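Structure record follows, encoded as structure tokens.
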Amino acid sequence: MFMQRELALNADEARHCDGMRAHLAAEIAAAGGWLSFEQYMDTVLYAPGLGYYSAGARKFGGGGDFATAPEISSLFGACVALQCAEVLGALSGGSILEIGAGSGRLAVDVMLRLESLGRLPAQYMILEVSADLRERQRRRLQERVPHLLERVCWLDAPAGEPFNGVILANEVLDALPVVRFRWRRAQIEEIGVVLENGQLAAAPRRASRSMIEICDALAAAAGGTWDEGYVSEYCPRLGAWAQSVTGSLNTGAVLWFDYGLPRAQYYFAQRHDGTLLCHFRQRAHGNPFLHPGLQDISAWVDFTSLAEAGAAAGCELAGFTTQTYFLAGLQVDREMRVIAGDDENHFARLANQARQLMLPGEMGERFKAMAWLRGLDLELSGFALQDLRHTL
Ligand SMILES: C[S@@+](CC[C@H](N)C(=O)[O-])C[C@H]1O[C@@H](n2cnc3c(N)ncnc32)[C@H](O)[C@@H]1O
């Protein structure tokens, strides 16, 4: 549990939260008193000027709410760069599009390693919803790789000019808004959001026919029915979104990294309370109503759904593995030596970071990597050591 002082907001933060609560109250009223959780998550993450990703919260890295793999270690970006280099090599050049580039750290690490390999992309494009993060990315790139800035551009919409190369997305899919549902023998409920005595609260109501059909299919995929009161999530926009952001790739690879599971494991009867995950000041918890607009809300990714989106987009599913095996396949141990050189202290620090990225109890198993290929036949080293495609 949080200590009270860890929860305390300063005056600006409190004002921001009040603004978001007023906005939500109006939205709930306009929706007839009950807002779907999907719409709630959309608002608290993306409402212009107020949402977690649209407004100026620090979000990740030091002083932020959570740490992603590129924020933990440059080893992640170095290995991703090696995977990109294989693809760019096979294409004799090309560009990279990163979706949701966060603080810009992955972009810096990938470009520096590709530069050292003589495999810089013609362009490094970034598709980013947050104006605040775009600015942070620009500043970091300006500071760290000023000589490469001319290759970087920001896209305003997914459907840019067609290009050959690589699309990357780390921890973006988990931010797509989800529907929450509850399984009851008598009826399946969709959990929405209401105001109760002026406070945001969860409220179930009978699910629509289409949601009931979806739940029946998810339960069947997980091997039967769930216990009374089983709660989980479903991301209705994942397929269409993944197809739209990868639509401009002519020939090349798409690399997805995120926490998640194949459908049959995601909807295990034992995972009784779903996968919703909230982050506030480096604390993970399950309360989506804490400080709306100031905390991150995410849900695990159904990788079977993502694989289906790839097939619908005309891509070949080229690999699915854990983060551990992805990094090992790209010889992360060798990258430690490349980055640290003869500095043994630096090497020891990198070894600790590698543990965080790779140990099963840390990020190693929870995080997965998936590759799609379009118009290209290529063995990808990051997916050569372990093939989990049969689990999808
Ligand atoms: C959890 S952060 C991950 C940041 C970065 N990839 C990393 O690993 O550190 C999610 C990122 O995706 C961006 N984002 C969220 N939804 C998006 C969307 N629909 N399209 C593009 N970017 C999005 C956020 O603004 C943020 O930069």
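The values are calculated or read from the model by the stated rules, or taken from the named source; none is laboratory data. Quick caveat: nothing in here was measured; it's all calculated off a predicted structure. As a convention, Cβ positions derive from the backbone with ideal geometry for all residues, glycine included, and neighbour counts pool all protein chains shown.
At-a-glance table
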item: A81, sole failed condition from (1) within 14 Å of the ligand (Cβ to nearest atom); (2) part of a helix (DSSP H, G or I); (3) under 26 Å from A348 (Cα atoms); result: (1)
item: Qualifying strands (runs of 3 or more DSSP E) (wholly inside region 142-203; at least 1 residues being on the phi > 0 side of the Ramachandran plot); result: 163-170
item: Any hit, region 104-113, residues being of a type in the set (D, E, K, R), surrounded by fewer than 19 Cβ atoms within 10 Å (Cβ to Cβ) and in a helix (DSSP H, G or I); result: no
item: Residue selected from region 122-151 under the condition touching a residue at least 12 places away in the same chain (Cβ under 8 Å) and more than 28 Å from S298 (Cα to Cα), by the criterion nearest to the ligand (Cβ to nearest atom); result: R144
item: Residue in region 24-33 that is in contact with a helix residue (DSSP H, G or I) (Cβ under 7 Å, 6 or more places away or on another chain) and at pLDDT below 90 present; result: no
item: Failed condition for A253, given (1) away from the ligand (no atom under 14 Å from the Cβ); (2) outside any loop (DSSP other than H, G, I, E, B); (3) among the hydrophobic types (A, V, I, L, M, F, W, C); (4) at pLDDT below 95; result: (4)
item: Tally of residues being within 30 Å of A371 (Cα to Cα) and surrounded by fewer than 20 Cβ atoms within 10 Å (Cβ to Cβ) across region 177-198; result: 0
item: Enumeration of residues in region 262-319 that are hydroxyl-bearing (S, T, Y) and part of a strand (DSSP E or B); result: S298
item: Any hit, region 330-342, residues being part of a strand (DSSP E or B) and either under 21 Å from the mean Cα position of the chain (by Cα) or in contact (Cβ under 8 Å) with a residue 40 or more places away in the chain (or both); result: no
item: In region 246-261, the residues that are buried (at least 22 other Cβ atoms within 10 Å of the Cβ) and not small (G, A, S); result: T246, L249, V254, L255, W256, F257, D258
item: Cβ pairs under 8 Å, 6+ apart, first in region 26-53 and on the phi > 0 side of the Ramachandran plot, second within 16 Å of the ligand (Cβ to nearest atom) and in a loop (DSSP other than H, G, I, E, B); result: G49/A55
item: Region 99-121, residues that are of a type outside the set (K, R) and more than 12 Å from the ligand (Cβ to nearest atom); result: M111, L112, L114, E115, S116, L117, G118, L120, P121
